[in-house]
Amino acid sequence: MNMPAIGTDPRLRAALRRLDLRIVHRLDGLLHGEHLGLRLGPGSEAAEARLYQPGEDDVRLMDWAVTARTDTPHVRDLVADRELESWTLLDLSPSMDFGTGERSKRDVAVGAMVAANLLTQRVGDRFGAHFLHRGAVRRWPARSGKEALLALLATIAAAPTGDEREPSSQRATLADAIEDLVRTRRRRGLRVVVSDFLDTPAFGGTVPWERPLRQLAQRHQVLVVEVVDPRELDVPDVGDVALRDPRTGRVKDVRLTRSVRERYQKAAAAQREAVRDALRRCGVHHLILRTDRDWVVDIARFVIHQRRTAHHLARHTPGVPR
């Protein structure tokens, strides 16, 4: 996998810069000075009200509503404007190494991460990453600039592929990785989750990653990128085949009869529908990328849709800046 080429290809960089990923809901904004921080300081966002300290507080910050209710002078602190901090959770589990086209799901997933970073970064903004790799959650610190992005790509390219070595009981799951992101990255911003979601039950049952993803969406703007290979939706009529589980390495001989293929298609469709329903309940943005399609074109279409949605909300929602 030669993924650093994604970051260094000037044509791809130029194409990605022309796109503008519009965040529909204003969390921290996209321009420097519009981002909501978690510390007090000069800014424009109101924080908690507190007692007025004569000689120390600016009377222009007086909270007259609280003062009138309590008959005691109160001021309202402001939250400092900060740069945007975005984090990507990249699923690098063995199933992401699968691919029947020109590229694997891992290649498409890394491309989606690069696109999200290039489309949302402005001067001073930082981005970091969490990886689900070989049954463990690994973290890459938040940094800014193109050189940091290239270093991140080099780190991913150096990550070995293949089976996980940890015992099944000790392997971290996608749900564990999302919980780790929720617990460790509290500052409001953009969160991107890239995975194939193959651990989703096909016919009913609890979706293990839904609860932590819903918690993540309560505080952050969340974009979920689902990566799919066409062979995960249907299998060809090729007779006897040897199927290998990428997680365990087990191999099983299967005869792909008509009934087997029909049951496989039904289960795959049910699983994809379960993923869509769970993401819809979480209230996150959902982008599907396939290994047999041009992922840059699909991202461009998604961006155009986001732009139109943001423009529509700006025109029909009072108080939303145009």
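The residue of the range 83-93 that is surrounded by the fewest Cβ atoms within 10 Å (Cβ to Cβ), among those that are of a type outside the set (S, T, N, Q) and at pLDDT 90 or above, is 92. Scanning the range 230-250 for residues that are among the charged types (D, E, K, R) and exposed (fewer than 15 other Cβ atoms within 10 Å of the Cβ), we see that the one that is farthest from residue 271 (Cα to Cα) is 240.
Rundown of residues vs (1) among the aliphatic types (A, V, I, L, M); (2) farther than 28 Å from residue 208 by Cβ, yes/no style:
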site: 257; (1), (2): no, yes
site: 264; (1), (2): no, no
site: 267; (1), (2): yes, no
site: 273; (1), (2): no, no
site: 278; (1), (2): yes, no
site: 289; (1), (2): yes, no
site: 294; (1), (2): no, yes
site: 297; (1), (2): yes, yes
site: 304; (1), (2): yes, yes
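Filter the range 238-257 down to the residues that are within 30 Å of the chain's Cα centre (by Cα) and not in a strand (DSSP E or B), then identify the one that is nearest to residue 135 (Cα to Cα). Once the filter is applied, the top-ranked residue is 247.
Does any residue of the range 59-82 turn out to be within 22 Å of residue 177 (Cα to Cα), outside any helix (DSSP H, G or I) and modelled with pLDDT of 75 or more? No.
The values are calculated or read from the model by the stated rules, or taken from the named source; none is laboratory data. None of the values given here were measured: they were computed from a predicted structure. Neighbour counts run over all protein chains shown; Cβ positions are idealised from the backbone, glycine included.
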